[in-house]
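The values are calculated or read from the model by the stated rules, or taken from the named source; none is laboratory data. All values derive from a computational prediction rather than experimental measurement. Please note: Cβ atoms are built from the backbone with ideal geometry, for glycine as well, and neighbour counts cover all protein chains shown. For the accessible areas, the whole protein counts, side chains as well, though only heavy atoms, and no ligand, DNA or RNA atoms are used. Shrake-Rupley method; radii C 1.70, N 1.55, O 1.52, S 1.80 Å.
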Amino acid sequence: MIIRPRRLRKTPAIRAMVRETDLSVKDFIAPLFVKPGKGLKDPIKSMPGQYQFSLDMLVKEVKELWTLGILSVILFGLPDKKDSMGSRSWAEDGIVQLAIQVIKKHVPDMLVVTDVCLCEYTDHGHCGLIKHNEVDNDATLDLLAMQAVSHARAGADIVAPSDMMDGRVEAIRNALDANNYQNTGILSYAVKYASAFYGPFRDAADSAPQYGDRKGYQMDPANALEALKEARLDLEEGADMIMVKPALPYLDIIRRVREISEVPLAAYNVSGEYAMLKAAQIKGWIDGEKAMLEMLLCIKRAGADIILTYFAKEAAITLQS
Ligand code: PBG
């Protein structure tokens, strides 16, 4: 007798009935780049369809995203000036702080997540404070904590540290609590690899390190057990949610982290993953829409509950139609 799995694939109705994973607009967090100025919606060359927004244009975009059913955005800032400490990252009138306020004013129910890191704000482009030619872990923690508190003060719902310093989740949790922001959540980039797939983002956010690389703090792509250790540590330190980044070359890591954690798991479908698909689509080499939905679905199937993706808006439009 032949066993016939094809019976369950026979019609759209039966396929829909037995489908194990569903992609929804509620799964997405849309990354947005914000910069000083007025009336700006500057295209990002290496990420077709993505822009750097000034505050007024950002509001328009966020309203559109909300109308499409997207519940959350994550903000990245391009500051007016950089220095060795990244001091514009915790300024009350910093670009991200202003962006949070303006979003909360015009689209109050949008869940606002902020990326907490120094690399966009330091003149050397590293994610921490440089001392004796090295990224100094413990000195960086205070600066990250100040940045996180300033985001909370501006109205951020969730802060998302992406720097990969040791102990930063605990440092940020303590600082938030000490300043009466007990209800501000932490989505930690717990498992973040030193990846070539961040290339387009570093153009978009002007955050490439001016010398060296990030291998002294971001993880080695060869390691999986270390991912479990990083995830456990951040959970112990009080992360409300954790993230694996990048997504597509790391689906095995998403699955393994999913299996050891009891909090919502996010995956970051990063800039390089977006750029590759867009490039092939523009060349007419791939059906971009179908490939996009397949990518996102497979990230969920691997175990992610939440997907940070530059496709958020496009996927929302496609899922609606
Ligand atoms: C900041 C940060 C980066 C990304 C998110 N937060 C860049 C990096 O670590 O170099 C990458 C996001 C993407 O590639 O889409 N540290």
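When L225 is evaluated against the numbered criteria (1) open to solvent by less than 70 Å² (accessible area, probe 1.4 Å); (2) on the phi < 0 side of the Ramachandran plot, which criterion, by number, is the only one it fails?
The number of the failed condition is (1).
Please specify each residue of segment 130-153 satisfying the condition of being in contact (Cβ under 8 Å) with a residue 24 or more places away in the chain, hydrophobic (A, V, I, L, M, F, W, C), over 17 Å from G77 (Cβ atoms) and surrounded by fewer than 22 Cβ atoms within 10 Å (Cβ to Cβ).
Across segment 130-153, the qualifying residue is only I130.
Okay, residues lined up against (1) within 15 Å of Q147 (Cβ to Cβ); (2) touching a strand residue (DSSP E or B) at 6+ places or on another chain (Cβ under 8 Å); (3) not hydrophobic (A, V, I, L, M, F, W, C):
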| site | (1), (2), (3) |
| --- | --- |
| Q52 | no, yes, yes |
| E64 | no, no, yes |
| I70 | no, yes, no |
| V73 | no, yes, no |
| F76 | yes, yes, no |
| D80 | no, no, yes |
| G86 | yes, yes, yes |
| A91 | yes, no, no |
| V96 | yes, yes, no |
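Would you say M85 is under 22 Å from D163 (Cα atoms) and either without any contact (Cβ under 8 Å) to a residue 60 or more places away in the chain or surrounded by 19 or more Cβ atoms within 10 Å (Cβ to Cβ) (or both)?
Judged against the criteria, M85 is a match.
Which of the residues that make up segment 225-245 are in contact with a strand residue (DSSP E or B) (Cβ under 6 Å, 6 or more places away or on another chain) and in contact (Cβ under 8 Å) with a residue 40 or more places away in the chain?
Result: E230, A231, D234, A239, D240, M241, I242, M243, V244, K245.
Just checking, how many residues over segment 115-129 are among the aliphatic types (A, V, I, L, M) and buried (at least 24 other Cβ atoms within 10 Å of the Cβ)?
Initially, segment 115-129 is screened for residues among the aliphatic types (A, V, I, L, M), giving 116, 118, 129.
Checking the rest, the ones that are also buried (at least 24 other Cβ atoms within 10 Å of the Cβ) come to 116, 118.
Residues flagged as among the aliphatic types (A, V, I, L, M) and buried (at least 24 other Cβ atoms within 10 Å of the Cβ) within segment 115-129 amount to 2.
Given the condition polar (S, T, N, Q) and either open to solvent by less than 10 Å² (accessible area, probe 1.4 Å) or within 15 Å of the ligand (Cβ to nearest atom) (or both), answer yes or no: does some residue in segment 163-175 qualify?
The answer is no; no qualifying residue exists.
Look through segment 126-150, keep the residues that are in a loop (DSSP other than H, G, I, E, B) and within 21 Å of the chain's Cα centre (by Cα), and return whichever of them is nearest to the ligand (Cβ to nearest atom).
The residue in question is C127.
Looking at D240, D234, D252, D220 in this structure, which one is under 17 Å from the mean Cα position of the chain (by Cα), more than 24 Å from Q50 (Cβ to Cβ) and open to solvent by 60 Å² or more (accessible area, probe 1.4 Å)? If you could, list the steps in order and put the result at the bottom.
Working: D234 fails: open to solvent by 60 Å² or more (accessible area, probe 1.4 Å); D252 fails: under 17 Å from the mean Cα position of the chain (by Cα); D220 fails: under 17 Å from the mean Cα position of the chain (by Cα).
Among D240, D234, D252, D220, only D240 is under 17 Å from the mean Cα position of the chain (by Cα), more than 24 Å from Q50 (Cβ to Cβ) and open to solvent by 60 Å² or more (accessible area, probe 1.4 Å).
Those residues that are touching a Ser or Thr at 6+ places or on another chain (Cβ under 8 Å) and not in a loop (DSSP other than H, G, I, E, B), I need them from segment 203-223; list them, please.
Correct list: D203, A204.
Cβ-Cβ under 7 Å, sequence separation 6+ or interchain: first residue in segment 189-210 and on the phi > 0 side of the Ramachandran plot, partner more than 7 Å from the ligand (Cβ to nearest atom) and not charged (D, E, K, R). Which pairs?
Filtered contacts from segment 189-210: D206/L78.
How many of the residues making up segment 95-111 are within 16 Å of the ligand (Cβ to nearest atom) and touching a His at 6+ places or on another chain (Cβ under 9 Å)? Spell out how you get there, then give the answer.
The first filter runs over segment 95-111 and keeps only residues within 16 Å of the ligand (Cβ to nearest atom), leaving 95-96, 99.
The next check asks that each one be touching a His at 6+ places or on another chain (Cβ under 9 Å); those that pass are 96.
Residues in segment 95-111 being within 16 Å of the ligand (Cβ to nearest atom) and touching a His at 6+ places or on another chain (Cβ under 9 Å): 1 in total.
Which number in (1) within 14 Å of the ligand (Cβ to nearest atom); (2) charged (D, E, K, R); (3) assigned to a strand (DSSP E or B) marks the one condition that D42 misses?
Evaluating D42 over (1) within 14 Å of the ligand (Cβ to nearest atom); (2) charged (D, E, K, R); (3) assigned to a strand (DSSP E or B) leaves (1) as the failure.
Among all residue pairs at least 6 apart or on different chains, which show Cβ distances below 8 Å where the first residue, located in segment 103-114, is open to solvent by 10 Å² or more (accessible area, probe 1.4 Å) and the second is of a type in the set (S, T, Y)?
L111/S72
Just to verify a result, which residue in segment 256-282, among those that are more than 18 Å from M241 (Cβ to Cβ) and more than 16 Å from the ligand (Cβ to nearest atom), is surrounded by the most Cβ atoms within 10 Å (Cβ to Cβ)?
If we filter segment 256-282 for residues that are more than 18 Å from M241 (Cβ to Cβ), which is where we start, we get 271-282.
Among the residues that remain, those that are also more than 16 Å from the ligand (Cβ to nearest atom) are: 280-282.
Numbers: A280: 14, Q281: 17, I282: 12.
Per the criteria, the residue is Q281.
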